[in-house]
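The values are calculated or read from the model by the stated rules, or taken from the named source; none is laboratory data. Bear in mind that the values here come from a model prediction, so they are computed numbers and not experimental data. Using ideal geometry, Cβ is built from the backbone for each residue, glycine included, and neighbour counts are taken over all protein chains shown. Surface accessibility is based on the protein's heavy atoms, side chains included, excluding ligands, DNA and RNA. Shrake-Rupley method; radii C 1.70, N 1.55, O 1.52, S 1.80 Å.
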Amino acid sequence: MAQAQLKMKLKKVPRKSPAVPASKKAGPPPSKPEPRKIVRLTAADLAEKQREISVSEFFTKNRHLLGFDSPAKALLTTVKEAVDNALDACEEAGILPDILIEIQAISETRYRVAVQDNGPGIVKAQIPKIFGQLLYGSKFHRLRQSRGQQGIGISAAGMYGQLTTGKPITVISRVGANKPAHKFDIQIDTRRNAPVVTADDEVEWKPEHGTRVEIEIEATYKKGRHSVDGYVEQTAMANPHAAIAYVAPDGERLTMERVAAELPKPPLEIKPHPHGVELGILLKMLHETKARNLRAFLSGEFSRVSPAVAEEIARGASLSPNMTPQKAAREQAEALYNAVQATKLMAPPSNVLSPIGEELLLTGLKKQVEARFYAATTRSPSVYRGNPFLVEAALAYGADSLPADEPITLLRFANRVPLLYQQSACAVTKSVIQTNWKSYGIQQSRGALPSGPIILMVHIASVWVPFTSESKESVASYPQIAKEIRLALQDVGRKLGIFIRRGLREEDAEKKRSYIEKYIPHIGIALQEILGIDDKRKEKVCATLKDTLERSRQL
Ligand SMILES: Nc1ncnc2c1ncn2[C@@H]1O[C@H](COP(=O)(O)OP(=O)(O)OP(=O)(O)O)[C@@H](O)[C@H]1O
Ligand SMILES: [Mg+2]
C-alpha cells in the first residue's frame, strides 16, 4: 500500500534537465556553510563542570526507573509502594493486616492517594528520613523475604508527588494506645537528598497504632487488569491473611475480606551464603567486620560456616584463622575467595521462606474465578547466587468468563506482590512461553503464551528477589530461577493435561451413548416391520442390542 503510493508520487515528479555545473548557472554561487568552530576545552575547564549528583536528583531525571513513567502507572506505583510497606510492617509486627486504600480525584489529572494500616507505627524520629530521603530503610541490609528491599519506594512516591503537584507527603503515625499520634508534612531537598519537615504536630487520631500516608500526585485513573483495581484484587489473592478496603476515585468501594485467619509463617533472616559473595563484597566485609579474627569473621558473618569449616577455608587460602580480618590485603582476600569457592558447603537454609501454599493459592483462585478445574503446586526451595528462593504456581481452567481462544491470563507475583508491568521482560513469562503447553492439550503458537480459558498464577518468594530494575516489575532470568519456574509449570500443566484428556474421553463416550439412544429405537421399528414381531419382542431386541453396544463401547 505504502509502496504503491510511493510509486505514484515518483511518477508525478517531472524529469530534471541534465545537471548544469554551478559555475555556469546564472546568479551568485550558493554560499558554503561555515565550518563549525571546534572549541578545545582544557582538563581544567572540564574539571570546573564536575559536580556530585545526589541520588534524588538522579531519580528525579530518571523517574521511569522507579515506575513513574506514565500518569496511569504513577498512580499504581504510589499505591503499591504504600501498600507493600503497610503489609510488611504489619507482618513484621505479627499483626493481621487491615489496610485501607482511598483514592480521591482532585481533577482528571490529579489524585490524592491515602493508604492506612494497623501496623506498629513508626517512631517519631524516623519519620522524616523514611519519607524524605531516598535509599533509607530497614530492609536493604538484610536477607529476609519481604516486599520492600531497596529503601527507596515510599520516598520516591513522595518525591514524584512533590515534583508534579508541589505538595508535601503527609504522614500520621502512632506507636501505641498511650502514645500521641504525630502528623508530619515532609518534602525532599533533592540537592541534598534530605528531608525538609514543613509541619510537625500532635493530633487526635482514632487508631491505637498504625500509619497513614497521603500523597497528592499528577496521575490518571483507568480501570482494568493493569490498574489499581486489578492490583488490589491480585494483592488480596496473594495475601489471603489481609483485609483490604479500597475506595476508588469514582467512589466505588471494594472490600476484600480476610480469607486466612492466621498470619503466614514468619520468614527468617539469614546471613549471606559464602558461595554467593563476590570478591569485592568479601573484601569490603573483611574491612568492615567487628570480628577479631578470620575464624570468627567467617563463622559469624556467613551462613553454613562453622568454626571448623572456617579453619578449613583459612587453611585452603594459606592464611591463619587467627589473622586480623581488617588488615587483609587484596591478594589475601582473593586467596580466601578462591578457597571459599573450592570448599564444599551445605546449601543455605531453606526453611526461611514463607510461601503462600497450595491450599491458599487455590482458595485465592476460587474466589477470583469459578472454573471447571484448579491445580496448584509449591516447589521446594532452591538457590540462586547463594540466595534461597522458591516457586509456586496455580491455575484455573475452563471458566465461562475467560475467552477460549485468546492468550491465557498470566498473573505474576514476587514476595506476594503482583507484578503488573514489563511482562515480556520477566523470567516468569519467558518460562511460560518456553513450556510445551500443547503436550497438556492447550493451544500454543510458537514463541507465544498459550491460549485458552486459563488464569495462571506464578509466585516467586526469595530472601532477595532479583528484579530487573528499581521499579520491581519483572524478575531477572537466573538459570536456577527459570528452571524452578519451568518445573512448577510442568507440574500444574501435567495435572491439567490429565483433566483435559479425561474430559475429552468422557465427551467421546457421551457422544457414542447419545448415538445408541438415538438410533436403536429406529432399528427396532425397522426390525418389527421386516420380521413382523410384536411390541414386546421388539422391546426385548432393542434392550439386547443396547446392552451389547454399551458393553462393546466400554471395552
Ligand atoms: N507503614 C509503615 N509502617 C512501618 N514502617 C514503615 C512503613 N512504611 C515504611 N516503613 C519503614 O520505612 C522504610 C523505608 O520504606 P521504603 O518503602 O522507602 O523502602 P523499603 O520498603 O525498605 O524498600 P523498597 O524501596 O523496596 O520499598 C521501610 O524499610 C520500613 O522500615
Ligand atoms: Mg517499600
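Of all residues in segment 121-132, which are more than 9 Å from ligand 1 (Cβ to nearest atom) and assigned to a loop (DSSP other than H, G, I, E, B)? Result: Val123, single match. Here segment 98-120 is the region considered, the condition is being part of a strand (DSSP E or B) and within 16 Å of ligand 2 (Cβ to nearest atom), and the residue that is nearest to Leu163 (Cα to Cα) is Val113.
Taking each residue of segment 186-199 that is closer than 17 Å to Ile215 by Cα and hydrophobic (A, V, I, L, M, F, W, C) and looking for partners that are assigned to a loop (DSSP other than H, G, I, E, B) and at pLDDT 95 or above with beta-carbon atoms closer than 6 Å, six or more apart or interchain, yields Ile186/Pro168. Close Cβ contacts (under 7 Å, 6 or more residues apart or on different chains) running from residues in segment 441-469 that are free of Cβ contacts under 8 Å to residues at least 40 places away in the same chain to residues that are part of a loop (DSSP other than H, G, I, E, B) comprise Gln443/Gly452.
Scanning segment 456-478 for residues that are open to solvent by 10 Å² or more (accessible area, probe 1.4 Å) and in contact with a strand residue (DSSP E or B) (Cβ under 8 Å, 6 or more places away or on another chain) returns Trp464, Pro466, Phe467, Thr468, Lys472, Glu473, Ala476, Tyr478. For segment 145-181, which positions are within 11 Å of ligand 1 (Cβ to nearest atom), open to solvent by less than 50 Å² (accessible area, probe 1.4 Å) and assigned to a loop (DSSP other than H, G, I, E, B)? Ser146, Arg147, Gly148, Gln149, Gln150, Gly151, Ile152, listed by residue number. Pairs are defined by a Cβ separation below 7 Å, a sequence spacing of at least 6 or placement on different chains, a first member in segment 396-413 that is in contact (Cβ under 8 Å) with a residue 60 or more places away in the chain, and a second member that is part of a loop (DSSP other than H, G, I, E, B) and open to solvent by less than 10 Å² (accessible area, probe 1.4 Å); the pairs so defined are Arg412/Cys426. Would you say Leu46 is within 15 Å of ligand 1 (Cβ to nearest atom) and either at pLDDT 90 or above or of a type in the set (Val, Ile, Thr) (or both)? Answer is no for this residue. Restricting Ala488, Ala526 to those that are of a type in the set (Gly, Ala, Ser), under 30 Å from Tyr374 (Cα atoms) and part of a helix (DSSP H, G or I) reduces the list to Ala488.
Output the residues belonging to segment 176-204 that are β-branched (Val, Ile, Thr) and within 21 Å of Ala114 (Cβ to Cβ).
Hits for segment 176-204 are Ile186, Ile188, Val197, Thr198, Val203.
Determine which single condition Ala125 fails, assuming it passes every other condition in (1) open to solvent by less than 50 Å² (accessible area, probe 1.4 Å); (2) within 17 Å of Phe184 (Cα to Cα). Only one criterion is unmet by Ala125, namely (1). When Leu345, Leu353, Leu362 are checked against the criterion of being of a type in the set (A, V, I, L, M, F, W, C) and under 20 Å from Lys483 (Cβ atoms), Leu353 stands alone in meeting it. In segment 183-225, what count of residues is obtained for those that are out of contact with any Phe, Trp or Tyr (no Cβ under 9 Å at 6 or more places or on another chain) and closer than 24 Å to Glu91 by Cβ? Total meeting the criteria: 8. Scanning segment 107-121 for residues that are under 20 Å from Pro180 (Cα atoms) and surrounded by fewer than 23 Cβ atoms within 10 Å (Cβ to Cβ) gives Gln116, Asn118, Pro120.
Taking residues in segment 132-154 that are among the β-branched types (Val, Ile, Thr), and partners anywhere that are in a loop (DSSP other than H, G, I, E, B) and within 13 Å of ligand 2 (Cβ to nearest atom), the pairs with Cβ atoms closer than 6 Å and at least 6 places apart or on different chains are Ile152/Leu134; Ile152/Leu135.
Within segment 95-103, is even one residue more than 9 Å from ligand 1 (Cβ to nearest atom), touching a helix residue (DSSP H, G or I) at 6+ places or on another chain (Cβ under 9 Å) and charged (D, E, K, R)? Yes, some residue in segment 95-103 is more than 9 Å from ligand 1 (Cβ to nearest atom), touching a helix residue (DSSP H, G or I) at 6+ places or on another chain (Cβ under 9 Å) and charged (D, E, K, R). Scan segment 383-400 for residues that are part of a loop (DSSP other than H, G, I, E, B) and in contact with a Gly (Cβ under 9 Å, 6 or more places away or on another chain) and the total you get is 3. Kindly indicate whether any position in segment 215-230 is open to solvent by 30 Å² or more (accessible area, probe 1.4 Å) and under 16 Å from Gly364 (Cβ atoms). Yes, segment 215-230 contains at least one residue that is open to solvent by 30 Å² or more (accessible area, probe 1.4 Å) and under 16 Å from Gly364 (Cβ atoms).
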